[in-house]
Amino acid sequence: MTDYFIKLFNTSKEDIDKVITAALSSGGDFADIFFEHTAVNSLVLRDCQVNAVSSDIDYGVGIRVVKGDKTGYAYSETTELNDMLRAARFAASIGNWHSATDKVHLPSTATPDRGSHNFYPALQPWSETSVALKKNALMLLNERTFSLDSRVIKLIGYLTDQETHILYANSLGESFEDFRPLGSLRATVIMQDGERTENFHASKSFRQGFEFINNALVENLAEETVKGCSFLFNASQPSPGQTSVVLAAGGGGILLHEAIGHAFEADFNRKNVSIFSEKMGHRICRPGINIVDDGTLPGNRGSLNIDDEGVPAEKTYMVKDGVLNSYLHDRISASFYGVSPTGNGRRESFRYMPIPRMRATYMENGDMDEESIIRSVRKGIYVDSFSNGQVQIGAGDFTFFVKSGYLIEDGHLTRPVKDCNIIGNGPQALADMSAVADNLKMENSTWTCGKGQHVPVCCGMPTVLINNLNVGGIN
């Protein structure tokens with residue numbers, strides 16, 4: 001533990017040892033302590049000027065105690081020793097330890113290279129970046145957006161930056177510290193053509209400092225929003241019914257995350273909620289399909305050097321060559337299954353205990369090109385933008401709202417379409433994937449996953465063809 005982190009959290013190695021001892025005082029098998037200091041700044045552009053600025057700091061410590069199959073958790077918004085000891089004793093007393101199962105042995109993850117990788121160095125830290133520079137970025141976005149199309153009548157822009165310091169220790173003698181930057185640039189454009197108005201949203205987000213915002217990125221975001229909004233004036237709803245669906249590279253990854261990825265999280269499988277609970281080692285889709293959850297992508301919004309319970313990041317193959325290869329584990333589920341944790345123990349903040357969560361989830365490249373896949377479809381729909389969706393995690397039934405796409409007729413993209421729903425079942429859609437392209441694209445937008453608590457994630461995929469999905473109207 002470095003002096004900087006010790007001073008930041010007004011604590012000491014001796015105080016941390018006392019807190020862990022107090023946490024184990026009622027017979028717990030394992031205890032850990034998670035310190036967090038997060039600074040968030042936000043600028044908002046409306047009516048062609050930056051007219052709202054906000055800053056916030058979140059600070060505190062969470063203490064977890066595990067005994068058998070039971071967990072106690074408490075937090076404190078101060079790091080004074082007496083307050084931490086009080087929280088530790090409260091966490092220790094929450095569970096009825098006498099009714100817990102046999103002693104749990106949470107796996108140690110000590111490795112020689114712990115902390116040696118930094119997947120998100122901030123070359124220009126947000127804390128060292130002036131408000132003037134941030135304002136200039138939003139003003140440039142505003143200028144470029146209005147210059148692209150005379151129908152633009154309004155732009156709402158957001159620039160949000162975050163720097164999080166983490167200090168962690170547990171009763172196995174492990175400890176780590178991490179500095180996590182995060183920046184997001186978002187834009188919503190409103191355009192008017194005669195009596196009609198349309199709006200379109202796009203964003204970019206990375207675990208980087210201010211260096212990620214450059215002229216090329218701002219230009220790309222402006223073009224994406226204006227092009228997307230302009231498209232909507234010529235689009236209409238497709239006819240409902242069952243059809244083939246081609247998901248475009250990048251944005252289609254949200255369906256992979258929501259309708260399929262959650263079903264691979266180990267807590268759902270441990271509780272027999274997921275449809276994949278009894279399918280480890282079984283074929284669940286065609287050979288050649290590989291689905292990954294990766295915490296090691298440099299600068300990626302979903303990446304983690306170390307997860308929120310001290311496990312180093314890794315690249316985890318959930319599906320390998322069409323076979324279910326691994327669930328996404330935190331320490332507790334890894335202990336239950338007798339495997340190593342995969343670095344997926346994540347939490348929204350110190351107020352929450354860690355649970356298995358995705359990081360950057362994507363499908364690896366296949367062996368076809370997008371054009372060939374489209375040519376193979378006689379009648380279907382090509383989807384390049386989703387706006388939201390609903391998923392029943394256990395069974396995987398989903399409904400996703402299509403913001404924009406095209407009809408596919410006799411192997412060609414024809415009429416633009418919008419405002420329809422794609423309806424299906426995630427595991428069945430995975431089984432029905434009949435073609436995967438070689439154009440993997442990560443969708444580096446401001447994806448945030450909600451599972452009782454919210455964490456930043458990323459997703460991506462190459463173009464894929466799914467047979468037999470239902471296309472419905474907006475109701």
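Do you know which residues across region 297-314 are surrounded by fewer than 24 Cβ atoms within 10 Å (Cβ to Cβ) and within 18 Å of GLU443 (Cβ to Cβ)?
Of all residues in region 297-314, those surrounded by fewer than 24 Cβ atoms within 10 Å (Cβ to Cβ) come to 297-299, 303, 305-306, 312-314.
Residues satisfying the conditions are LEU297, PRO298, GLY299, SER303.
How about region 301-342: which of its residues are part of a helix (DSSP H, G or I) and either among the small types (Gly, Ala, Ser) or under 27 Å from GLY288 (Cα atoms) (or both)?
Step one: of region 301-342, the residues part of a helix (DSSP H, G or I) are 331-337.
Passing the criteria: SER333, ALA334, SER335, TYR337.
Among the residues in region 202-224, are any of a type in the set (A, V, I, L, M) and out of contact with any strand residue (DSSP E or B) (no Cβ under 9 Å at 6 or more places or on another chain)? Talk me through it step by step, then tell me what you get.
Start the filter on region 202-224 by keeping residues that are of a type in the set (A, V, I, L, M), which leaves 202, 213, 216-218, 221-222.
In the following step, the residues that additionally are out of contact with any strand residue (DSSP E or B) (no Cβ under 9 Å at 6 or more places or on another chain) were identified as 216.
Yes: one or more hits.
Which residues, counting only those in region 164-193, are more than 25 Å from the chain's Cα centre (by Cα) and closer than 15 Å to ILE20 by Cα?
At the first step, the residues of region 164-193 found to be more than 25 Å from the chain's Cα centre (by Cα) are 170-174, 190-193.
Hits for region 164-193 are ASN170, SER171, LEU172, GLY173, GLU174.
So that you can scan it fast, the table gives a plain yes or no per residue for (1) under 27 Å from PHE233 (Cβ atoms); (2) in contact with a strand residue (DSSP E or B) (Cβ under 6 Å, 6 or more places away or on another chain); (3) modelled with pLDDT under 95:
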| site | (1), (2), (3) |
| --- | --- |
| SER376 | no, no, no |
| PHE386 | yes, yes, yes |
| VAL391 | no, yes, yes |
| ASP397 | no, yes, yes |
| ILE408 | yes, yes, no |
| LYS418 | yes, yes, yes |
| ALA435 | no, yes, no |
| ASN439 | no, no, no |
| MET442 | no, yes, no |
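For every residue, the table says whether it meets (1) small (Gly, Ala, Ser); (2) surrounded by fewer than 20 Cβ atoms within 10 Å (Cβ to Cβ); (3) outside any strand (DSSP E or B).
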residue	(1), (2), (3)
ILE166	no, no, no
ALA169	yes, no, no
PHE176	no, no, no
LEU182	no, no, no
MET191	no, no, no
PHE200	no, no, no
GLN208	no, no, yes
GLU211	no, yes, yes
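Scanning region 356-380 for residues that are among the aliphatic types (A, V, I, L, M), surrounded by fewer than 24 Cβ atoms within 10 Å (Cβ to Cβ) and in a strand (DSSP E or B) returns a single hit, MET368. List every residue pair whose Cβ atoms lie under 6 Å apart, where the two residues are 6 or more positions apart in sequence or sit on different chains, the first residue falls within region 321-335 and is under 30 Å from SER434 (Cα atoms), and the second residue, located anywhere, is charged (D, E, K, R) and crowded, with 22+ Cβ neighbours inside 10 Å. Every condition considered, the pairs that remain are LEU328/GLU265; LEU328/ASP293.
How many residues does region 41-88 hold that are among the basic types (Lys, Arg) and either surrounded by 19 or more Cβ atoms within 10 Å (Cβ to Cβ) or modelled with pLDDT under 95 (or both)? Give the derivation first.
Within region 41-88, the first condition is being among the basic types (Lys, Arg), and the residues that meet it are 46, 64, 67, 70, 86.
Cutting the leftovers down to either surrounded by 19 or more Cβ atoms within 10 Å (Cβ to Cβ) or modelled with pLDDT under 95 (or both) gives us 64, 67, 70.
Result for region 41-88: 3.
Residues considered: LEU148, LEU123, LEU141. Of these, the only one that is out of contact with any Asp or Glu (no Cβ under 8 Å at 6 or more places or on another chain) and either modelled with pLDDT of 95 or more or of a type outside the set (Gly, Ala, Ser) (or both) is LEU141.
Considered as a group, the residues in region 277-294 that are touching a Leu at 6+ places or on another chain (Cβ under 6 Å) and closer than 21 Å to PHE398 by Cα include one that is surrounded by the fewest Cβ atoms within 10 Å (Cβ to Cβ), and that residue is LYS279.
The values are calculated or read from the model by the stated rules, or taken from the named source; none is laboratory data. Predicted, not measured: the structure shown is a model, and the values here were computed from it. Ideal geometry is used to build each Cβ from the backbone, glycine not excepted, and the neighbour counts take in all protein chains shown.
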